[in-house]
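The values are calculated or read from the model by the stated rules, or taken from the named source; none is laboratory data. Predicted, not measured: the structure shown is a model, and the values here were computed from it. When we count neighbours, we look across all protein chains shown, and the Cβ atoms used for this are built from the backbone with ideal geometry, even at glycine. Side chains are part of the model used for accessible areas, which takes the heavy atoms of the whole protein and leaves out ligands, DNA and RNA. Shrake-Rupley method; radii C 1.70, N 1.55, O 1.52, S 1.80 Å.
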Amino acid sequence: MNLLEQNQNSFEQPVHVALTDVSQMNGLNLVDYIKSCVAQFGNIFTLSIFGGPKITLVQEPDLFSDVVAKNKMNINPELVEVRSQFEIDNVFCDEQQIAQMNRDFVLALKGQKLAITKARYDERLNFECQKFAERYLNTHNYCEVELAELQLKTMIKASLYSLFGKPLASDQAIAEYFSFSESLSPTVSDCKQAANDASCAKEKLLLLFEQVLAEAQTPLIQSLNIGLFSSPMINQEDKAKVLLYFLWGSLSNILPSMQSFYRTLVQHPSYVNEIRANPSFDMLPLIKEVLRLRGNKPIYRLVESNIKIQGTDGKKFVVPKGHWLGFISQIHHQDEKTFSDPNKFDPSRFCKAFGHTKSNKRPSLFVYGVGNSKCPGSAFANHMMASTAMYWLKHFDAKLCGSHQAEAIRMFDSVLGDKQSLLLKKRA
Ligand code: HEM
């Protein structure tokens, strides 16, 4: 008997789960999504950066391979990590507060304010790349560099500076962020010393965030200070925690995405040449195609009461109360009806000028989520990827290390993404 059948109960209750916006997605087969996600994971507790104190993924290996085979998904089950006992502080779970905060983030990351944040990012990134090249590279030979290290010394520094201001852009703060974020990684072994260091680092970071809030130097902090954070109900320590988890949540998404983007560029010298020759080259179709192919973490929603759903094959099934629904973008992103030849790297599918899209609508992507909780950082994330690629190409020549295998799709990345090296040379 399969997991779903075991959970079939008779019921007829109202449904309260955030699905409506998802069904408006172009080409998205919602029912198949849900079916495969529930079949894949069974019961899941997972992380939202502002909620859920514990993560436990229960993997059902047989069901998983079944779903993968049926949906022709190119996923190696060995790459799916089973996380357990992964605890994280719960900052606050009030839905109104989260909605307000997302509005504040959106306000901070839009229009004129976004332009200021972008300019701060670019300026700092250029500076850090120059420093990195001088300190670690030379112009004659290629040096082996871990991508995560390159990100830590350039991208992370620039994003801390642009989003939070000077107090967080110091080498000391970066080291503390690294120690804290490593401790959240599911792959890190139990080590008392490391846990101690991480907790000290976290305390220091929280104090720095309090300073950041008081100084209010950046558009993000200014928007929060006049929005959600002006509420007397939220104390200073909780505000600092929100910022810390906001930072961790956003970086844990952007860093592995950027690694894939850069590796893709290194493998396609024609794009590298175009970007170097034309500073206004539109990288968005390239970024979208990389995000489509690599996929992202599933988005989860808690089922608050049993839902009965009829599948496209006519069969009915139940998603029981207490289960989490995970929306796996990969199923949509590999759907041949929306993306012809789905395994092919073809940025032109997002580019109308090439005339490759069959309908007037360009194919939709699911990487940033949908509806009210859609990623408020998407515009900044796209900018970070385009700008980082531009500055890395400006300062470094790169080659892939060893024999490169086509990147396998990872569903759950560790905090700093894959540990992969590159060969880098300082550009003359
Ligand atoms: C390629 C990079 C990124 C990807 C793929 C990504 C993806 C997502 C997704 C799918 C969600 C929705 C989660 C849900 O509905 O449960 C989300 C939420 C969010 N993202 Fe991003 N994101 C990225 C980068 C960023 C960046 C750079 C920032 C900040 C500058 C950011 C800030 C946020 C915030 C504040 C939320 C709301 C979280 C919540 O309500 O729990 N993201 N992101």
- Query: Taking only pairs six or more apart or across chains, which ones have beta-carbon atoms under 6 Å, a first residue in the range 259-278 that is open to solvent by 60 Å² or more (accessible area, probe 1.4 Å), and a second residue that is assigned to a helix (DSSP H, G or I) and of a type outside the set (S, T, N, Q)?
  - Reply: ARG276/LEU393
- Query: ILE307: crowded, with 21+ Cβ neighbours inside 10 Å, away from the ligand (no atom under 16 Å from the Cβ), more than 30 Å from GLU210 (Cα to Cα) and modelled with pLDDT under 85, yes or no?
  - Reply: yes
- Message: Looking at HIS140 and the list (1) in contact with a strand residue (DSSP E or B) (Cβ under 9 Å, 6 or more places away or on another chain); (2) at pLDDT 95 or above, which single condition is not satisfied?
- Response: (2)
- Please verify whether the range 248-256 includes one or more residues that are under 24 Å from the mean Cα position of the chain (by Cα), of a type outside the set (A, V, I, L, M, F, W, C) and open to solvent by 60 Å² or more (accessible area, probe 1.4 Å). yes
- Item | Test for GLN259: is it part of a helix (DSSP H, G or I) and either β-branched (Val, Ile, Thr) or closer than 22 Å to LEU109 by Cβ (or both) | no
- Query: What are the residues in the range 279-296 that are open to solvent by 40 Å² or more (accessible area, probe 1.4 Å), farther than 15 Å from ILE254 by Cβ and of a type in the set (D, E, K, R), if any?
  - Reply: ASP282
- Message: I'm trying to understand the selection: among the residues of the range 201-239, which are open to solvent by less than 30 Å² (accessible area, probe 1.4 Å), polar (S, T, N, Q) and within 17 Å of GLU176 (Cβ to Cβ)?
- Response: none
- Scan (1) within 16 Å of the ligand (Cβ to nearest atom); (2) on the phi > 0 side of the Ramachandran plot for the single condition PHE209 breaks and write down its number. (2)
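Here's the yes/no breakdown for (1) modelled with pLDDT of 80 or more; (2) open to solvent by 20 Å² or more (accessible area, probe 1.4 Å); (3) among the aliphatic types (A, V, I, L, M); (4) in a helix (DSSP H, G or I):
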residue	(1), (2), (3), (4)
SER340	yes, yes, no, no
PHE345	yes, yes, no, no
ARG349	yes, no, no, yes
ALA353	no, yes, yes, yes
ASN372	no, yes, no, yes
ALA381	yes, no, yes, yes
LEU393	yes, no, yes, yes
HIS404	no, yes, no, no
- Query: Would you call ALA158 surrounded by 14 or more Cβ atoms within 10 Å (Cβ to Cβ) and in a helix (DSSP H, G or I)?
  - Reply: yes
- Can you run down the residue pairs with Cβ atoms below 6 Å, 6 or more apart or on separate chains, where the first is in the range 373-385 and on the phi < 0 side of the Ramachandran plot and the partner is charged (D, E, K, R)? HIS383/LYS118
- Query: Got a number for residues in the range 127-149 being within 14 Å of LYS399 (Cα to Cα) and assigned to a helix (DSSP H, G or I)?
  - Reply: 1
- Message: Being basic (Lys, Arg), touching a residue at least 60 places away in the same chain (Cβ under 8 Å) and open to solvent by 30 Å² or more (accessible area, probe 1.4 Å) narrows it down to one residue among LYS153, LYS110; which is it?
- Response: LYS110
